[in-house]
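The values are calculated or read from the model by the stated rules, or taken from the named source; none is laboratory data. Only a predicted model underlies this, so the values are computations on that prediction, with no experimental measurement involved. So basically every Cβ, Gly included, is an ideal-geometry build from the backbone, and we count neighbours across all protein chains shown.
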Amino acid sequence: MLCAQVEAQNLVVSGATFLDGDTFVYNRASKVRLAGIDTPEIGHDGAPDQYYAEASRKIAAEIAGKATLVLVPVGAGKDRHGRGLCDVRLPDGRSLNEVLVEKGSAYVYYHDDVPQALQARLLAAQRRAMDARAGFWKVVLESFPAGEYVGNRNSHRFFSPGCAEGRRVASRNRVYFSTAEDAFRAGFSPARPCNIWPAVRNVRTGGV
């Protein structure tokens with residue numbers, strides 16, 4: 001069942017099982033993707049988890065796994081993988097998407113389908129989390145390589161210094177950032193090619 005169908009029927013869901021920090025399953029089969037955010041990837045096929053991936057999943061599960069949730073459709077109500085694309089509301093009316101960003105367990109992930117008002121709230125939450133060095137920000141902002149980052153103003157993705165894919169961005173669409181932090185604060189997120197997010201095995205901390 002898609003988010004649009006849930007909202008049209010004025011239904012709520014419960015019993016969410018989180019596959020990672022931004023995707024959950026309910027009724028054992030229906031998948032929902034939280035709109036406008038992304039979280040570190042859990043490794044598959046022998047690949048290591050990205051730093052904070054399991055922590056992000058656990059945080060989302062602790063907040064929403066046993067809650068009754070309202071699924072508010074975003075855009076067409078589904079993503080290109082057929083998952084429901086939603087702004088997920090908690091019992092107190094807060095947006096789960098926004099809560100996870102403010103806790104530093106998710107970051108802003110721009111998409112044309114996401115309304116500007118939601119994008120603005122998510123970006124404001126991200127800036128607060130970065131200022132507080134909440135969640136993963138305390139570690140990852142220190143781990144990103146130095147150098148000039150290239151952003152694509154159309155996709156709102158940015159590429160690490162020296163990434164060949166970054167050089168392929170059309171000059172009219174390029175924007176430059178002195179640091180990865182500047183790119184995140186502007187609402188850009190790491191591009192999949194040359195992704196700079198550290199693997200958990202490459203990060204040494206006293207815990208998360």
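Residues in the stretch 33-49 that are modelled with pLDDT under 95 and not acidic (Asp, Glu): 42, 43, 44, 46, 47, 48. Residues in the stretch 84-109 that are among the acidic types (Asp, Glu) and under 13 Å from the mean Cα position of the chain (by Cα): 87, 98, 102. For first residues located in the stretch 172-187 and at negative phi, partners that are at pLDDT below 95 and crowded, with 16+ Cβ neighbours inside 10 Å and lie 6+ apart or on another chain with Cβ distances below 6 Å form the pairs 180/144. If the condition is being more than 16 Å from residue 58 (Cα to Cα) and in contact with a Lys or Arg (Cβ under 9 Å, 6 or more places away or on another chain), then the stretch 19-32 contributes 30, 31, 32.
Scanning the stretch 140-156 for residues that are in contact (Cβ under 8 Å) with a residue 40 or more places away in the chain and surrounded by 17 or more Cβ atoms within 10 Å (Cβ to Cβ) yields a total of 3. Of all residues in the stretch 150-196, those being of a type in the set (A, V, I, L, M, F, W, C), part of a loop (DSSP other than H, G, I, E, B) and within 24 Å of residue 120 (Cβ to Cβ) number 3.
Checking every residue in the stretch 112-129 against the condition of being out of contact with any Cys (no Cβ under 7 Å at 6 or more places or on another chain), polar (S, T, N, Q) and loosely packed, with under 14 Cβ neighbours inside 10 Å gives at least one match.
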